[in-house]
1. Would it be correct to say that residue 306 is more than 26 Å from the chain's Cα centre (by Cα), surrounded by fewer than 18 Cβ atoms within 10 Å (Cβ to Cβ) and assigned to a helix (DSSP H, G or I)?
2. Are any residues in the stretch 469-524 among the small types (Gly, Ala, Ser) and touching a Leu at 6+ places or on another chain (Cβ under 8 Å), and if so, which ones?
3. Just to check your reading of the model, which residue among 385, 397, 393 is under 30 Å from residue 240 (Cβ atoms), touching a residue at least 12 places away in the same chain (Cβ under 8 Å), over 18 Å from the mean Cα position of the chain (by Cα) and not in a strand (DSSP E or B)?
4. Identify, from the list 427, 418, the residue that is buried (at least 24 other Cβ atoms within 10 Å of the Cβ) and either of a type in the set (Phe, Trp, Tyr) or touching a Lys or Arg at 6+ places or on another chain (Cβ under 8 Å) (or both).
5. Quick check on the stretch 471-478. Is at least one of its residues small (Gly, Ala, Ser), at pLDDT 95 or above, under 24 Å from residue 295 (Cα atoms) and assigned to a loop (DSSP other than H, G, I, E, B)?
6. Find all pairs meeting these conditions: Cβ atoms under 7 angstrom apart; at least six residues apart or on different chains; first residue within the stretch 51-68 and surrounded by fewer than 24 Cβ atoms within 10 Å (Cβ to Cβ); second residue among the charged types (D, E, K, R) and not in a loop (DSSP other than H, G, I, E, B).
7. Is it fair to say residue 142 is more than 30 Å from residue 93 (Cβ to Cβ), modelled with pLDDT of 95 or more and either assigned to a loop (DSSP other than H, G, I, E, B) or acidic (Asp, Glu) (or both)?
8. Limited to the stretch 377-389, what total is found for residues that are farther than 15 Å from residue 115 by Cα and touching a helix residue (DSSP H, G or I) at 6+ places or on another chain (Cβ under 8 Å)?
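The values are calculated or read from the model by the stated rules, or taken from the named source; none is laboratory data. Computed from a predicted structure; not experimentally measured. For neighbour counting, all protein chains shown are included, and Cβ atoms are generated from backbone atoms with ideal geometry for every residue, glycine included.
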Amino acid sequence: MTVEHLVQNWTVRKPLARSRNGIVASQNRIAAAAGAKVLAGGGNAVDAAVATSFALAAVEPWNCGLGGVGFMLIYLAREKRVQVVDFGPISPRQLNPADYPLTGGFTTDLFTWPTVKDDRNVHGPLSFAVPGHVDGIGLALERFGTRPLAELLQPAIEFAEQGIAVDWFLTLKAATMARELSRYATTRELWMPHGMPPVTAPGAPLERLVLKGLAGTLRQLARGGRRDFYEGEVARALLRDMAAVGGIINADDLKHYAARLVDPLEVDYHGARVALAGGLTAGPTLARTLKALGGVKFQAGGPHADAFVAYARVLRDAYAERLQTLGDTSDARDPSSTTHFNVVDHDGNMVAVTQTLLSVFGSKVVLPQTGILMNNGIMWFDPRPDSPNNLAPNKRPLTNMCPVIVRRGDQPWFAIGASGGRKIMPAVLQIASFLIDHGMALEDAFHQPRIDASGGDTVGVDPRLPETIRNALAAKYPINETELVVYPTNFACPSAVLRDAASGEFQGITDVLSPWSGAVGADA
């Protein structure tokens, strides 16, 4: 008899946060609490987002940080409009496509691009894209915040000085990437002490992993401001680090990097107004799926089988177009390092932020002086010269980020997004549909099992879905039953905040199986 292997046999629930004064929902509850404290002290949603964003650099460093990039959506309650802050990646000006020769194989790390010699687009100093995190978050604060940057950096500085608690989840993260983390001396010294992943002995107080150099860099940013990262003392330290590790990002790359304020891509969908980041994100692909679902009338009391078959159909069609015309062929089986968080304040301002290093631990290179873990954004480019997303200097690549803000009438309803590479958009689509089309409560929507149809022939199906739904999907498509587990991330890691129009209460919730995630109310 063949016995099916199940990774876990339990029922896990994530608590819903409720507050009338605002909420922060993040993949790391410590960072969310830092943002919620800003709200409780009278800061607005952007102030709280800035504090949360920088705190994540110190408490969730494998996912995001000063060496990363991202996109932010802001709903401005007074103006009743959404603004996008684009701090996405740009390739270095000195990048030479000839330095990335193809070897004839295919990589298996996150993207199924043709293999480049020495995987130099995947890890190491030639994989760095110019980081936009500091400029983007700082620009949002300058234009829409109310508190000084130095004040909002203080939680991140304190967390960096204290170090990260070495619990089982940190050990798991380091252990799953042990071979990759051993490649570069500064990274190995920090993340693989004694040649092994960091671990706290059973029964002992949790050890602390201090990110050497990061606190000092954050303190200098507090003194010098956001542009210090690109034109000041931090920039000079970064350039010394680049010279030490062999990176090609130069002074011109830093000086000319500028985050952008752009208009959102907006779609009307079943009585809701969905605002997305456009351009080289997953926003246009999500817009396509919403338009395809616009004429669909779902069975009442769902989501039922008809809904999941419709989700699978529009997702497969959208990704087929995306892969063919945009060049994005990310392999959903392998790990990405993105994080997402959302904020709502007392006045109804909302923020949805997705920020990333791309792969887990990004380039795997910790810079020796600044302590910054650099992204590997060059892997977002297709190394084939004739592709629409080909490698070139001073160019923006296609990304999977998909922050969303949804309104009903002229009132904010919810902000949502996720981490998880190509799985992000299917997760965001389904949860948004659960709320818009099926009238589900936020807590129920996040505990509702989902599917993943983000490319390839098969549709990933959570085995907790009813048999009628699984059978209906199997009648249309090849399916693969895939559990929702802590590791690996099979269905993305979503989070959301929501304004309940009837009660005026705000709600927030995060990914059910993310052990560190949490939503924190401003009055908590």
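1. On the way: more than 26 Å from the chain's Cα centre (by Cα): yes; surrounded by fewer than 18 Cβ atoms within 10 Å (Cβ to Cβ): yes; assigned to a helix (DSSP H, G or I): yes.
Yes: the conditions hold for residue 306.
2. Filtering the stretch 469-524 down to residues among the small types (Gly, Ala, Ser) leaves 472, 474-475, 492, 495-496, 501-504, 508, 514, 517-519, 521-522, 524.
Within the stretch 469-524, 496, 508, 519, 522 qualify.
3. 393
4. Values: 418 fails: either of a type in the set (Phe, Trp, Tyr) or touching a Lys or Arg at 6+ places or on another chain (Cβ under 8 Å) (or both).
After applying the criteria, what remains is 427.
5. Of all residues in the stretch 471-478, those small (Gly, Ala, Ser) come to 472, 474-475.
In the following step, the residues that additionally are at pLDDT 95 or above were identified as 472, 474-475.
Right, trim to under 24 Å from residue 295 (Cα atoms) and you get 472, 474-475.
Of the ones still in play, those that are also assigned to a loop (DSSP other than H, G, I, E, B) are none.
So far as the stretch 471-478 goes, no, none of its residues is small (Gly, Ala, Ser), at pLDDT 95 or above, under 24 Å from residue 295 (Cα atoms) and assigned to a loop (DSSP other than H, G, I, E, B).
6. 62/173
7. Details: more than 30 Å from residue 93 (Cβ to Cβ): no; modelled with pLDDT of 95 or more: yes; either assigned to a loop (DSSP other than H, G, I, E, B) or acidic (Asp, Glu) (or both): yes.
Answer is no for this residue.
8. Of the residues in the stretch 377-389, 3 are farther than 15 Å from residue 115 by Cα and touching a helix residue (DSSP H, G or I) at 6+ places or on another chain (Cβ under 8 Å).
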